[in-house]
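As C-alpha coordinates, the structure follows; a few thoughts come after it.
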Amino acid sequence: MGDVQTAESSNKARLAIMELANMISVPMSLNAIVRLNVPDAIWQGGANTPLSAVQILSRVLPYGGGDPENLQRILRMLTSYGVFDEHLNCSGDDSHSPERKYSLTDIGKTLVTDAEGLSYAPYVLQHHQDALMRAWPLVHEAVLNPTSEPFVKANGEGAYSYYGKKPEMNGLMQKAMSGVSVPFMRAILDGYDGLKGVKRLVDVGGSAGDCLRMILQKYPHVEGINFDLPEVVAKAPSIPGVTYVGGDMLESIPVADAIFMKWVLTTWTDDECKAIMENCYKALPVGGKLIACEPVLPKESDDSHRTRALLEGDIFVMTIYRAKGKHRTQDEFKQLGLSAGFPHFRAFYIDYFYTVLEFQK
(Lines give C-alpha, C1' and ligand atoms only; values in the text may rest on other atoms or scores of the structure.)
Protein backbone atom coordinates (compact mmCIF):
# COMPACT_ATOMS: atom_id res chain seq x y z
CA MET A 1 0.00 0.00 0.00
CA GLY A 2 2.85 2.36 0.89
CA ASP A 3 4.56 1.80 -2.48
CA VAL A 4 1.30 2.53 -4.31
CA GLN A 5 0.83 5.76 -2.38
CA THR A 6 4.45 6.75 -3.01
CA ALA A 7 4.05 6.11 -6.74
CA GLU A 8 0.78 8.07 -6.81
CA SER A 9 2.39 10.98 -4.95
CA SER A 10 5.39 10.92 -7.28
CA ASN A 11 3.15 10.92 -10.36
CA LYS A 12 1.17 13.90 -9.02
CA ALA A 13 4.40 15.78 -8.25
CA ARG A 14 5.76 15.23 -11.76
CA LEU A 15 2.45 16.35 -13.24
CA ALA A 16 2.42 19.46 -11.04
CA ILE A 17 5.96 20.48 -12.01
CA MET A 18 5.08 20.00 -15.70
CA GLU A 19 2.15 22.39 -15.24
CA LEU A 20 4.34 24.94 -13.42
CA ALA A 21 7.12 24.68 -16.01
CA ASN A 22 4.64 25.40 -18.82
CA MET A 23 2.73 28.09 -16.91
CA ILE A 24 3.93 30.80 -19.31
CA SER A 25 1.34 29.42 -21.74
CA VAL A 26 -1.43 30.88 -19.54
CA PRO A 27 -0.59 34.61 -19.47
CA MET A 28 0.68 34.60 -23.05
CA SER A 29 -2.53 32.95 -24.27
CA LEU A 30 -4.52 35.48 -22.26
CA ASN A 31 -2.50 38.20 -23.97
CA ALA A 32 -3.26 36.60 -27.34
CA ILE A 33 -7.04 36.51 -26.91
CA VAL A 34 -7.03 40.14 -25.78
CA ARG A 35 -4.95 41.18 -28.79
CA LEU A 36 -7.35 39.26 -31.03
CA ASN A 37 -10.33 41.00 -29.33
CA VAL A 38 -11.97 37.66 -28.59
CA PRO A 39 -13.86 38.69 -25.40
CA ASP A 40 -15.69 41.57 -27.11
CA ALA A 41 -16.41 39.36 -30.12
CA ILE A 42 -18.17 36.78 -27.94
CA TRP A 43 -19.89 39.27 -25.62
CA GLN A 44 -21.58 41.31 -28.37
CA GLY A 45 -23.38 43.73 -26.07
CA GLY A 46 -24.36 41.07 -23.54
CA ALA A 47 -25.42 38.20 -25.82
CA ASN A 48 -22.49 35.96 -24.79
CA THR A 49 -23.72 33.36 -27.28
CA PRO A 50 -21.46 30.30 -27.42
CA LEU A 51 -19.34 30.54 -30.57
CA SER A 52 -16.98 28.19 -32.38
CA ALA A 53 -13.44 29.27 -33.20
CA VAL A 54 -14.54 29.71 -36.84
CA GLN A 55 -17.38 32.00 -35.79
CA ILE A 56 -15.12 34.02 -33.49
CA LEU A 57 -12.57 34.51 -36.27
CA SER A 58 -15.30 35.72 -38.62
CA ARG A 59 -16.03 38.50 -36.12
CA VAL A 60 -12.48 39.52 -35.29
CA LEU A 61 -11.23 39.12 -38.88
CA PRO A 62 -14.22 40.19 -41.02
CA TYR A 63 -12.16 40.03 -44.22
CA GLY A 64 -11.20 36.42 -43.64
CA GLY A 65 -8.04 34.60 -42.62
CA GLY A 66 -6.76 33.18 -39.39
CA ASP A 67 -6.38 29.61 -38.16
CA PRO A 68 -9.44 28.39 -36.22
CA GLU A 69 -7.70 25.24 -35.01
CA ASN A 70 -4.94 27.23 -33.30
CA LEU A 71 -7.48 29.64 -31.80
CA GLN A 72 -9.43 26.67 -30.44
CA ARG A 73 -6.28 25.31 -28.82
CA ILE A 74 -5.86 28.60 -26.96
CA LEU A 75 -9.55 28.70 -25.99
CA ARG A 76 -9.44 25.13 -24.65
CA MET A 77 -6.42 25.85 -22.47
CA LEU A 78 -7.94 29.05 -21.05
CA THR A 79 -11.19 27.16 -20.44
CA SER A 80 -9.22 24.97 -18.03
CA TYR A 81 -8.36 28.17 -16.12
CA GLY A 82 -11.96 29.38 -15.99
CA VAL A 83 -11.78 32.18 -18.59
CA PHE A 84 -14.25 30.51 -20.97
CA ASP A 85 -17.05 27.98 -20.73
CA GLU A 86 -16.81 25.19 -23.30
CA HIS A 87 -19.97 23.82 -24.93
CA LEU A 88 -19.56 20.44 -26.66
CA ASN A 89 -21.88 19.33 -29.44
CA CYS A 90 -21.38 15.60 -29.85
CA SER A 91 -23.16 14.32 -32.96
CA GLY A 92 -22.69 10.71 -31.97
CA ASP A 93 -20.39 10.06 -34.91
CA ASP A 94 -17.09 8.92 -33.40
CA SER A 95 -15.26 9.60 -36.66
CA HIS A 96 -15.43 13.37 -36.07
CA SER A 97 -14.24 15.52 -33.22
CA PRO A 98 -17.07 17.18 -31.31
CA GLU A 99 -17.84 20.77 -32.20
CA ARG A 100 -16.61 23.08 -29.46
CA LYS A 101 -18.16 26.46 -28.75
CA TYR A 102 -17.09 29.03 -26.17
CA SER A 103 -18.77 31.67 -24.04
CA LEU A 104 -17.34 33.96 -21.38
CA THR A 105 -17.28 33.12 -17.68
CA ASP A 106 -17.32 35.86 -15.05
CA ILE A 107 -13.53 35.90 -15.32
CA GLY A 108 -13.72 36.29 -19.09
CA LYS A 109 -16.24 39.12 -18.74
CA THR A 110 -13.64 41.25 -16.92
CA LEU A 111 -11.91 41.56 -20.32
CA VAL A 112 -15.01 42.98 -22.06
CA THR A 113 -14.94 46.70 -22.85
CA ASP A 114 -17.67 48.48 -20.85
CA ALA A 115 -19.70 51.61 -21.65
CA GLU A 116 -16.84 53.80 -20.36
CA GLY A 117 -14.33 52.04 -22.62
CA LEU A 118 -12.70 50.25 -19.69
CA SER A 119 -11.86 46.64 -18.87
CA TYR A 120 -9.01 44.55 -17.48
CA ALA A 121 -7.80 43.92 -21.05
CA PRO A 122 -5.30 46.84 -21.06
CA TYR A 123 -3.94 45.52 -17.74
CA VAL A 124 -3.18 42.22 -19.47
CA LEU A 125 -1.59 43.95 -22.46
CA GLN A 126 0.42 46.30 -20.27
CA HIS A 127 2.01 43.38 -18.42
CA HIS A 128 3.20 41.69 -21.61
CA GLN A 129 4.90 44.47 -23.54
CA ASP A 130 8.34 43.69 -24.91
CA ALA A 131 10.25 45.83 -22.38
CA LEU A 132 8.59 44.04 -19.47
CA MET A 133 9.02 40.61 -21.02
CA ARG A 134 12.77 41.22 -21.36
CA ALA A 135 12.99 41.61 -17.58
CA TRP A 136 11.43 38.28 -16.58
CA PRO A 137 14.38 35.98 -17.42
CA LEU A 138 16.41 38.10 -14.97
CA VAL A 139 14.28 37.63 -11.83
CA HIS A 140 17.16 35.78 -10.16
CA GLU A 141 19.20 38.99 -10.45
CA ALA A 142 16.91 40.59 -7.85
CA VAL A 143 18.32 38.02 -5.41
CA LEU A 144 21.95 38.33 -6.51
CA ASN A 145 21.99 42.13 -6.67
CA PRO A 146 18.91 44.00 -5.41
CA THR A 147 20.45 47.44 -6.00
CA SER A 148 18.75 47.58 -9.41
CA GLU A 149 15.65 45.92 -10.81
CA PRO A 150 15.59 43.22 -13.50
CA PHE A 151 13.75 45.79 -15.67
CA VAL A 152 16.70 48.18 -15.36
CA LYS A 153 19.19 45.42 -16.17
CA ALA A 154 17.17 44.50 -19.26
CA ASN A 155 16.34 48.00 -20.51
CA GLY A 156 18.99 50.32 -19.13
CA GLU A 157 16.66 52.52 -17.04
CA GLY A 158 13.76 52.37 -14.59
CA ALA A 159 10.25 51.51 -15.71
CA TYR A 160 8.63 54.90 -15.04
CA SER A 161 11.43 56.75 -16.82
CA TYR A 162 11.19 54.30 -19.71
CA TYR A 163 7.39 54.72 -19.94
CA GLY A 164 7.79 58.50 -19.91
CA LYS A 165 9.78 58.39 -23.14
CA LYS A 166 7.27 56.16 -24.91
CA PRO A 167 3.80 57.75 -25.16
CA GLU A 168 2.14 54.50 -26.29
CA MET A 169 3.42 52.64 -23.23
CA ASN A 170 2.47 55.48 -20.90
CA GLY A 171 -1.01 55.65 -22.44
CA LEU A 172 -1.52 51.91 -22.08
CA MET A 173 -0.40 52.00 -18.45
CA GLN A 174 -2.86 54.80 -17.67
CA LYS A 175 -5.66 52.90 -19.39
CA ALA A 176 -4.69 49.73 -17.50
CA MET A 177 -4.75 51.60 -14.18
CA SER A 178 -8.15 53.10 -15.03
CA GLY A 179 -9.54 49.65 -15.82
CA VAL A 180 -8.41 48.39 -12.42
CA SER A 181 -9.18 51.56 -10.42
CA VAL A 182 -12.77 52.19 -11.47
CA PRO A 183 -14.33 48.91 -10.19
CA PHE A 184 -12.18 49.12 -7.06
CA MET A 185 -13.27 52.70 -6.38
CA ARG A 186 -16.92 51.70 -6.79
CA ALA A 187 -16.40 49.08 -4.07
CA ILE A 188 -14.62 51.59 -1.82
CA LEU A 189 -17.25 54.28 -2.19
CA ASP A 190 -19.97 51.72 -1.44
CA GLY A 191 -18.25 50.11 1.55
CA TYR A 192 -16.04 52.76 3.18
CA ASP A 193 -17.30 55.97 4.78
CA GLY A 194 -13.98 57.47 5.88
CA LEU A 195 -14.27 60.27 3.32
CA LYS A 196 -17.40 61.75 4.92
CA GLY A 197 -16.84 65.30 6.12
CA VAL A 198 -13.56 65.74 4.24
CA LYS A 199 -13.24 69.25 2.81
CA ARG A 200 -9.85 69.17 1.09
CA LEU A 201 -8.51 65.90 -0.29
CA VAL A 202 -5.14 65.30 -1.94
CA ASP A 203 -4.77 62.26 -4.20
CA VAL A 204 -1.05 61.42 -4.16
CA GLY A 205 -0.03 59.83 -7.46
CA GLY A 206 -3.48 60.62 -8.88
CA SER A 207 -2.42 60.08 -12.51
CA ALA A 208 -5.35 60.89 -14.85
CA GLY A 209 -7.66 61.69 -11.91
CA ASP A 210 -10.03 58.71 -12.14
CA CYS A 211 -10.16 58.19 -8.37
CA LEU A 212 -10.81 61.86 -7.58
CA ARG A 213 -13.46 62.09 -10.29
CA MET A 214 -15.39 59.23 -8.70
CA ILE A 215 -14.91 60.55 -5.16
CA LEU A 216 -16.27 63.96 -6.19
CA GLN A 217 -19.29 62.34 -7.79
CA LYS A 218 -20.26 61.00 -4.36
CA TYR A 219 -18.86 63.90 -2.31
CA PRO A 220 -19.31 66.98 -4.57
CA HIS A 221 -18.33 69.49 -1.86
CA VAL A 222 -14.80 68.07 -1.55
CA GLU A 223 -11.98 70.23 -2.92
CA GLY A 224 -9.85 67.75 -4.86
CA ILE A 225 -6.10 68.13 -5.41
CA ASN A 226 -4.51 65.75 -7.92
CA PHE A 227 -0.84 65.58 -6.91
CA ASP A 228 1.61 63.81 -9.22
CA LEU A 229 4.84 64.38 -11.10
CA PRO A 230 4.78 67.60 -13.18
CA GLU A 231 4.97 65.69 -16.47
CA VAL A 232 1.97 63.56 -15.42
CA VAL A 233 -0.36 66.36 -14.31
CA ALA A 234 0.57 68.36 -17.42
CA LYS A 235 -1.15 65.70 -19.54
CA ALA A 236 -4.04 64.88 -17.20
CA PRO A 237 -7.56 65.72 -18.43
CA SER A 238 -9.45 68.61 -16.81
CA ILE A 239 -12.00 67.51 -14.17
CA PRO A 240 -14.44 69.98 -12.58
CA GLY A 241 -13.60 70.54 -8.92
CA VAL A 242 -10.06 69.16 -9.25
CA THR A 243 -6.88 71.25 -9.06
CA TYR A 244 -3.65 69.80 -10.43
CA VAL A 245 -0.39 70.22 -8.53
CA GLY A 246 2.95 68.92 -9.76
CA GLY A 247 5.66 67.91 -7.33
CA ASP A 248 7.60 65.13 -5.61
CA MET A 249 6.02 63.29 -2.68
CA LEU A 250 9.48 62.50 -1.30
CA GLU A 251 9.99 66.26 -0.78
CA SER A 252 6.56 67.54 0.29
CA ILE A 253 2.81 66.99 -0.11
CA PRO A 254 0.10 69.71 -0.34
CA VAL A 255 -1.75 70.50 2.88
CA ALA A 256 -5.15 68.79 3.27
CA ASP A 257 -7.45 67.32 5.92
CA ALA A 258 -7.21 63.93 4.20
CA ILE A 259 -4.69 62.32 1.85
CA PHE A 260 -5.60 59.48 -0.51
CA MET A 261 -3.26 57.17 -2.38
CA LYS A 262 -3.67 53.90 -4.26
CA TRP A 263 -0.91 51.45 -5.13
CA VAL A 264 1.81 53.93 -4.22
CA LEU A 265 3.58 52.56 -1.12
CA THR A 266 3.99 49.15 -2.75
CA THR A 267 6.54 50.42 -5.26
CA TRP A 268 8.82 52.07 -2.68
CA THR A 269 11.35 50.75 -0.14
CA ASP A 270 10.65 50.83 3.60
CA ASP A 271 12.80 53.95 4.08
CA GLU A 272 11.12 55.71 1.16
CA CYS A 273 7.66 54.76 2.44
CA LYS A 274 8.56 56.21 5.82
CA ALA A 275 9.66 59.46 4.15
CA ILE A 276 6.45 59.66 2.08
CA MET A 277 4.30 58.97 5.13
CA GLU A 278 6.21 61.54 7.21
CA ASN A 279 5.43 64.12 4.52
CA CYS A 280 1.77 63.06 4.71
CA TYR A 281 1.87 63.48 8.49
CA LYS A 282 3.27 67.01 8.12
CA ALA A 283 0.54 67.94 5.61
CA LEU A 284 -2.34 66.81 7.85
CA PRO A 285 -4.00 68.48 10.86
CA VAL A 286 -4.48 66.57 14.11
CA GLY A 287 -7.24 64.05 13.40
CA GLY A 288 -6.45 64.13 9.66
CA LYS A 289 -6.20 60.83 7.79
CA LEU A 290 -3.91 59.19 5.30
CA ILE A 291 -6.06 56.69 3.38
CA ALA A 292 -3.80 54.28 1.52
CA CYS A 293 -5.23 51.54 -0.70
CA GLU A 294 -2.60 48.84 -1.07
CA PRO A 295 -2.28 45.09 -1.59
CA VAL A 296 -1.86 43.50 1.85
CA LEU A 297 -0.22 40.11 2.16
CA PRO A 298 -1.76 37.43 4.40
CA LYS A 299 0.41 35.88 7.11
CA GLU A 300 0.08 32.37 5.71
CA SER A 301 1.27 31.33 2.24
CA ASP A 302 -1.76 29.24 1.23
CA ASP A 303 -2.86 28.27 -2.28
CA SER A 304 -5.99 30.45 -2.51
CA HIS A 305 -6.51 32.63 -5.59
CA ARG A 306 -6.26 35.74 -3.40
CA THR A 307 -2.94 34.76 -1.84
CA ARG A 308 -1.51 33.75 -5.20
CA ALA A 309 -2.61 37.01 -6.85
CA LEU A 310 -1.03 39.04 -4.04
CA LEU A 311 2.24 37.08 -4.02
CA GLU A 312 2.46 37.13 -7.83
CA GLY A 313 1.91 40.89 -7.73
CA ASP A 314 4.75 41.14 -5.23
CA ILE A 315 7.13 39.42 -7.66
CA PHE A 316 5.91 41.74 -10.44
CA VAL A 317 6.84 44.78 -8.31
CA MET A 318 10.25 43.28 -7.53
CA THR A 319 10.95 42.54 -11.19
CA ILE A 320 9.58 45.63 -12.93
CA TYR A 321 9.41 48.55 -10.49
CA ARG A 322 11.59 48.21 -7.40
CA ALA A 323 13.70 45.27 -6.30
CA LYS A 324 13.05 46.30 -2.68
CA GLY A 325 9.59 47.74 -3.20
CA LYS A 326 7.11 45.14 -2.03
CA HIS A 327 3.66 44.06 -0.94
CA ARG A 328 3.48 44.12 2.85
CA THR A 329 1.48 42.51 5.65
CA GLN A 330 -1.02 44.49 7.73
CA ASP A 331 1.38 44.54 10.67
CA GLU A 332 4.23 45.83 8.47
CA PHE A 333 2.01 48.71 7.31
CA LYS A 334 1.01 49.44 10.91
CA GLN A 335 4.67 49.62 11.94
CA LEU A 336 5.48 51.92 9.01
CA GLY A 337 2.67 54.22 10.16
CA LEU A 338 3.97 54.30 13.72
CA SER A 339 7.51 55.05 12.49
CA ALA A 340 6.14 58.03 10.51
CA GLY A 341 4.28 59.36 13.57
CA PHE A 342 0.73 58.04 13.01
CA PRO A 343 -0.62 56.75 16.36
CA HIS A 344 -3.88 55.29 14.98
CA PHE A 345 -4.29 52.59 12.34
CA ARG A 346 -7.24 50.64 10.92
CA ALA A 347 -7.54 48.22 8.00
CA PHE A 348 -10.72 47.70 5.97
CA TYR A 349 -10.92 44.56 3.81
CA ILE A 350 -13.50 45.74 1.30
CA ASP A 351 -11.87 44.54 -1.93
CA TYR A 352 -10.24 41.12 -2.46
CA PHE A 353 -6.99 42.60 -3.82
CA TYR A 354 -6.63 46.11 -2.35
CA THR A 355 -7.07 46.86 1.35
CA VAL A 356 -8.03 50.31 2.68
CA LEU A 357 -5.41 51.33 5.27
CA GLU A 358 -6.36 54.30 7.42
CA PHE A 359 -3.60 56.13 9.30
CA GLN A 360 -4.87 58.92 11.58
CA LYS A 361 -2.78 61.73 13.06
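Odds and ends about this structure:
- Neighbour net charge for Gly241 - beta-carbon separation under 13 angstrom, K R +1, D E -1: +2
- Whole-percent carbon and sulfur share, accessible surface of the chain, 1.4 Å: 54
- By the Cα gyration tensor, the chain has an equivalent ellipsoid whose semi-axes, rounded to whole angstrom, run 40, 26, 20 from largest to smallest.
- Cα gyration tensor of segment 89-203 - equivalent ellipsoid semi-axes, whole Å, descending: 35, 29, 14
- Paramagnetic label reach from Ala187 (point 7 Å along Cα→Cβ; backbone nitrogen cut-off under 13 Å): within segment 117-157, no residues.
- Residues listed by number, segment 105-148, amide nitrogen under 20 Å from Thr269 label point at 7 Å toward C-beta: 139-148
- Simple spin-label estimate for Gln129 and Phe316 in nanometres, 7 Å along Cα-Cβ: 1.4
- Members of Lys235/Lys274; Lys175/Lys196; Lys196/Lys218; Lys199/Lys361; Lys175/Lys262; Lys109/Lys326 lying beyond 19 Å, as alpha-carbon distances in this model show: Lys235/Lys274; Lys175/Lys196; Lys109/Lys326
- Distance between modelled label sites at Glu86 and Thr6, nm, 7 Å Cα→Cβ extension: 3.6
- Split the chain at each of the GluC sites (Glu not before Pro) in a DSSP loop with at most 16 other beta carbon atoms within 10 Å, and the longest piece is 1-115.
- Difference of contour (0.36 nm per residue) and Cα-Cα distance, Thr147 to Glu223: 23.4 nm
- The distance linking segment 320-337 with segment 23-68 is 38 Å (Cα centroid to Cα centroid, whole angstrom).
- Computed from the C-beta positions of Ala234 and Glu99 and an R0 of 56 Å, the FRET efficiency is 0.55 to the nearest 0.05.
- Each residue of segment 311-328 is assigned a 3J(HN,Hα), and the resulting list reads 6, 5, x, 5, 5, 4, 4, 4, 7, 9, 9, 8, 4, 10, x, 6, 6, 10 Hz, derived from the Karplus form 6.51 cos²θ - 1.76 cosθ + 1.60 (θ = phi - 60°), x at Gly and Pro.
- In the full protein context, the chain carries 52 Å² of accessible surface per residue, based on a 1.4 Å probe and ignoring ligands, DNA and RNA.
- Ordering of 182-188, 199-205, 121-127 by burial proxy (mean other Cβ atoms within 10 Å per residue, highest first): 199-205, 121-127, 182-188
- The Cβ shell under 13 Å around Asp351 holds other residues with a net charge of +1, Lys and Arg each +1, Asp and Glu each -1.
- Note on Lys324: aspartates and glutamates with a C-alpha under 18 Å away, same-chain residues under 8 apart excluded, are Glu141, Glu149, Glu157, Asp270, Asp271, Glu272, Glu294, Glu312, Asp314, Glu332.
The values are calculated or read from the model by the stated rules, or taken from the named source; none is laboratory data. Source: prediction; values computed, not measured. Cβ sites come from the backbone with ideal geometry, for glycine too, and all protein chains shown count toward neighbours. Just the protein is used for accessible areas: all its heavy atoms, side chains included, with ligands, DNA and RNA removed. Shrake-Rupley method; radii C 1.70, N 1.55, O 1.52, S 1.80 Å.
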